[in-house]
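What follows is one structure encoded as structure tokens, with my remarks underneath.
The values are calculated or read from the model by the stated rules, or taken from the named source; none is laboratory data. Computed from a predicted structure; not experimentally measured. All Cβ positions, glycine included, derive from the backbone under ideal geometry; neighbour counts span all protein chains shown. Protein only, heavy atoms only, side chains kept; ligands, DNA and RNA dropped before computing areas. Shrake-Rupley method; radii C 1.70, N 1.55, O 1.52, S 1.80 Å.
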Amino acid sequence: MTDRTPSGTESIGGGATLFDSTLSAHAPEVSAAKATRFGTWYVAEYYLRTMRRYGDVLLADAVGSPLMYILAMGIGLGSLLTGNQTLFDGVPYLVFIAPALLVSSAVQGATSESTFPVMDGFKWHRIYQGPLVTPISPRQIAQGQMLAIVIRLLIQSSLFMVIVALFGAVHLPAGLLAIPIAALAGMAMGLPIMAYSATIREEKGQFSIIMRFIFMPLFLFSGTFYPLTNLPIFLQWIGWISPIWHGTELSRWAMYGHAVGGWQALIHLAVLLVLIAVGFVLTRRHFVSRLGGTK
Amino acid sequence: MPHITPSLTSAPTRTGGVVTARGLTKRYGDFTAVDGIDFEVAPGESFGFLGPNGAGKSTTMSMIGGVLTRTGGELNVMGLDPDREGPRVRAHLGVVPQQDNLDEEIKVRDNLYVYGRYFGLKRAYLKPKIDELLDFAQLTDKAGERVDALSGGMKRRLTIARSLVNDPQILLLDEPTTGLDPQARHILWDRLFRLKEQGTTLLVTTHFMDEAEQLCDRLIVVDHGRIMAEGSPSELIRDYSTREVLEVRFGSDANAAAAQTLKGLGERQEILADRILIYAGDGEAALAQVLARGLTPVASLVRRSSLEDVFLHLTGRSLVD
Ligand SMILES: Nc1ncnc2c1ncn2[C@@H]1O[C@H](COP(=O)(O)OP(=O)(O)OP(=O)(O)O)[C@@H](O)[C@H]1O
Ligand SMILES: [Mg+2]
């Protein structure tokens, strides 16, 4: 009854190498120790690997669309001005909007990374279930995905900076500081959204609502194309709560010396950091509770 | 082979089993999915959970890996408590989940690589290891394809290959061959048997009795989160069934009437909608008695008892319906 070596199967396929193998994995204790220390990075590594597949699309999206704004608005609008005439801050219009486009593009990238991929992890392809049965913890799954987004933002902002530099629209090297600033602004928007995404059981268009009714207004009313103070006061509050505005103020300061007082700079930074901290804690909490498990 | 480094944080409370459960319980609100089960799996043993849909098999597997926290009872895996030391427990495990969760959009080979990285395994080890695993799963010629280009059976094989990337000492297989064709199932059973020969402990859930009979040294029959019986396949059949079974069909209208006439025949009977099972040491003799009582079945079959019969006896229900 229990004929344990079904006859005739050997001729069907190979598969013998595994059993003759001299390869052996390191001990489980080593796996556990390494995963405990570097697990977040292992998860990030996975995400970077998947992002690399869309490399061209991501690049087109991250650099191509701001480039269009640069050409259309910066150069097109800028050409309306004659001689030494400037619109804002006494700098060419391109110089004025480049920092805002850098930040907006990072915020947009972070927003899209914080929506659909999270749903893919929990539900659509149950991606999170893979690492969940390895020494990786739910907390590291959350952290790894966040880390990958940070890295993506740094890369895309660097590429963007190269383009802006080619147009001569940034003061270097101080302007380089705008790269981490853009990443901060991106995460300040992305992490709270990610925390929200982690609570969604069913995607019924919430993500496109986020794009249309959160990202777009913030993009348009954050002092992107003209200073926030040009808006009537009843619209300015949109900028005050917007990571795009806070990030843009800081990156304008870094990229061309836009006047930002020390305490103002601190407030901008503090707003971004608080949003990041809240988003980080909530995202982690939602991942841990939804992925069950112990930590 | 597998040696255990004593944990610093929890004193190892090993009782000889690599997995030991005492009163293991999982509740979802008022509903009890796993209802206080006890079992112990010895090193190198192949241990089965046989039960119908909703019996609590997958829930038990998830608790063993610390992926799901238990509601009550004790659980010990390699001397560790999965709820408190999930990552350390899972470092010993290879897990084949009931539902494949491969990354469909990356290549077959990359799926194995990424997974190996979660165990902190290095590229120098993983590259040749992945070749071996692909060979094992007979997917060598698919190595460079995206997973969504594979058939269901190929994906299953890849999931199984993936679970072996860390040379696990304990393999948790949740319905490993569901969706495979008969030939692929036999190959897989053979591969699993060879892993067992090399000392890997196997924990297998299934609702296929032939799989349980092929793979398991010992198994528990579970239903509604409770253990109905425990033993080796042959012990279970000996204890809960007869050597042979006579199946007779009279057509669905005549079934009930025939059952009346057959009362008392054999050691035990099961009257199903479409047939009557008569449990007897000698099936042919039982058939002769059926004919002697003046009944002519439309069809009859004498076969050896299986775990299906054990399950039917224990629960009054069929395993797969
Ligand atoms: N998250 C959950 N919330 C509520 N009930 C659940 C949850 N997960 C599982 N259950 C219930 O627990 C019971 C056991 O489920 P489990 O998946 O362990 O069964 P199983 O034996 O693996 O069945 P199958 O053969 O269908 O895979 C089922 O009745 C199921 O509905
Ligand atoms: Mg199941």
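From the residues in the range A:237-286 that are of a type in the set (Val, Ile, Thr) and at pLDDT below 95, which one is surrounded by the most Cβ atoms within 10 Å (Cβ to Cβ)? Full working, then the answer.
Going residue by residue through the range A:237-286, those that are of a type in the set (Val, Ile, Thr) are A:238, A:241, A:244, A:248, A:260, A:267, A:271, A:274, A:276, A:278, A:281, A:283.
Imposing the further condition that a residue be at pLDDT below 95 reduces the set to A:238, A:241, A:260.
On the way: A:ILE238: 18, A:ILE241: 12, A:VAL260: 16.
Filtering the range A:237-286 for residues that are of a type in the set (Val, Ile, Thr) and at pLDDT below 95, the one surrounded by the most Cβ atoms within 10 Å (Cβ to Cβ) comes out as A:ILE238.
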Qualifying residues in the range B:56-66 (those that are touching a Pro at 6+ places or on another chain (Cβ under 8 Å) and outside any helix (DSSP H, G or I)) - the one nearest to ligand 2 (Cβ to nearest atom): B:GLY65
Taking B:ALA42, is it open to solvent by less than 10 Å² (accessible area, probe 1.4 Å), assigned by TED's automatic domain parsing to the domain that holds B:THR178 and more than 16 Å from ligand 2 (Cβ to nearest atom)? no
Scanning the range B:172-211 residue by residue, those in contact with a Lys or Arg (Cβ under 9 Å, 6 or more places away or on another chain), within 27 Å of B:GLY79 (Cα to Cα) and among the aliphatic types (A, V, I, L, M) turn out to be B:LEU202
Only one of B:ALA258, B:ALA285 that is of a type in the set (A, V, I, L, M) and either open to solvent by 20 Å² or more (accessible area, probe 1.4 Å) or within 14 Å of another protein chain (Cβ to nearest Cβ) (or both): B:ALA285
Subset of the range A:25-51 [more than 19 Å from B:ILE130 (Cβ to Cβ), aromatic (Phe, Trp, Tyr) and either open to solvent by less than 30 Å² (accessible area, probe 1.4 Å) or at the interface with chain B (Cβ under 8 Å from one of its Cβ atoms) (or both)]: A:PHE38, A:TYR47
Here is a list of conditions, (1) within 16 Å of ligand 2 (Cβ to nearest atom); (2) at negative phi; (3) under 14 Å from the mean Cα position of the chain (by Cα); (4) surrounded by fewer than 24 Cβ atoms within 10 Å (Cβ to Cβ), and B:PHE31 meets all of them except one; can you say which number that is? (3)
Criterion: among the polar types (S, T, N, Q) and within 16 Å of ligand 2 (Cβ to nearest atom) - qualifying residue of B:ASN76, B:ASN101: B:ASN101
Going by what's in this entry, would B:VAL89 be described as within 16 Å of ligand 2 (Cβ to nearest atom), within 10 Å of chain A (Cβ to nearest Cβ), under 22 Å from A:LYS34 (Cβ atoms) and at pLDDT 95 or above? no
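For the range A:7-68, which helices (runs of 4 or more DSSP H) that fit wholly inside it have 2 or more residues that are at pLDDT 85 or above and over 23 Å from A:ILE127 (Cβ atoms)?
On the way: elements: A:17-20, A:28-53, A:55-59.
By residue number, A:28-53.
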Going residue by residue through the range A:210-228, is there one that turns out to be part of a helix (DSSP H, G or I) and of a type in the set (Ser, Thr, Tyr)? no
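For every residue, the table says whether it meets (1) open to solvent by less than 50 Å² (accessible area, probe 1.4 Å); (2) touching a residue at least 40 places away in the same chain (Cβ under 8 Å); (3) of a type in the set (Lys, Arg); (4) more than 8 Å from chain A (Cβ to nearest Cβ).
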| residue | (1), (2), (3), (4) |
| --- | --- |
| B:LYS107 | no, yes, yes, yes |
| B:LEU133 | yes, no, no, no |
| B:GLU145 | no, no, no, yes |
| B:LEU150 | yes, yes, no, yes |
| B:LYS155 | yes, yes, yes, yes |
| B:SER163 | yes, yes, no, yes |
| B:ASP190 | yes, no, no, no |
| B:GLU197 | no, no, no, yes |
Would you mention how many residues in the range B:167-183 are crowded, with 20+ Cβ neighbours inside 10 Å, out of contact with any helix residue (DSSP H, G or I) (no Cβ under 6 Å at 6 or more places or on another chain) and not hydrophobic (A, V, I, L, M, F, W, C)? 5
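Within the range B:199-208, how many residues are open to solvent by 10 Å² or more (accessible area, probe 1.4 Å) and more than 16 Å from ligand 2 (Cβ to nearest atom)?
2
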Scanning the range A:165-195 for residues that are within 15 Å of the chain's Cα centre (by Cα) and surrounded by fewer than 19 Cβ atoms within 10 Å (Cβ to Cβ) gives A:PRO180
Of the residues that make up the range B:69-87, is at least one buried (at least 22 other Cβ atoms within 10 Å of the Cβ), within 12 Å of ligand 1 (Cβ to nearest atom) and within 28 Å of B:LEU192 (Cα to Cα)? no
Restricting to the range B:210-220, name every residue that is of a type in the set (A, V, I, L, M) and either within 11 Å of chain A (Cβ to nearest Cβ) or within 20 Å of A:PHE19 (Cβ to Cβ) (or both). B:ALA212, B:LEU215
The one condition B:ALA21 fails out of (1) surrounded by fewer than 21 Cβ atoms within 10 Å (Cβ to Cβ); (2) away from ligand 2 (no atom under 16 Å from the Cβ); (3) more than 14 Å from chain A (Cβ to nearest Cβ) is (1)
One residue from A:ILE127, A:ILE136 being within 14 Å of chain B (Cβ to nearest Cβ), open to solvent by less than 30 Å² (accessible area, probe 1.4 Å), in a loop (DSSP other than H, G, I, E, B) and without any contact (Cβ under 8 Å) to a residue 40 or more places away in the chain: A:ILE127
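With B:GLY283, B:GLY231, B:GLY264, B:GLY294 as the choices, which residue is at positive phi, in contact (Cβ under 8 Å) with a residue 24 or more places away in the chain and either away from ligand 1 (no atom under 16 Å from the Cβ) or out of contact with any strand residue (DSSP E or B) (no Cβ under 9 Å at 6 or more places or on another chain) (or both)?
Working: B:GLY283 fails: at positive phi; B:GLY231 fails: in contact (Cβ under 8 Å) with a residue 24 or more places away in the chain; B:GLY264 fails: in contact (Cβ under 8 Å) with a residue 24 or more places away in the chain.
Sole residue among the options that is at positive phi, in contact (Cβ under 8 Å) with a residue 24 or more places away in the chain and either away from ligand 1 (no atom under 16 Å from the Cβ) or out of contact with any strand residue (DSSP E or B) (no Cβ under 9 Å at 6 or more places or on another chain) (or both): B:GLY294.
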Just one of A:ALA165, A:ALA169 is under 30 Å from A:GLY257 (Cα atoms), small (Gly, Ala, Ser) and not in a helix (DSSP H, G or I); which is it? A:ALA169
Per the list (1) part of a loop (DSSP other than H, G, I, E, B); (2) open to solvent by 50 Å² or more (accessible area, probe 1.4 Å); (3) within 14 Å of chain B (Cβ to nearest Cβ), residue check on A:SER289 breaks on (1)
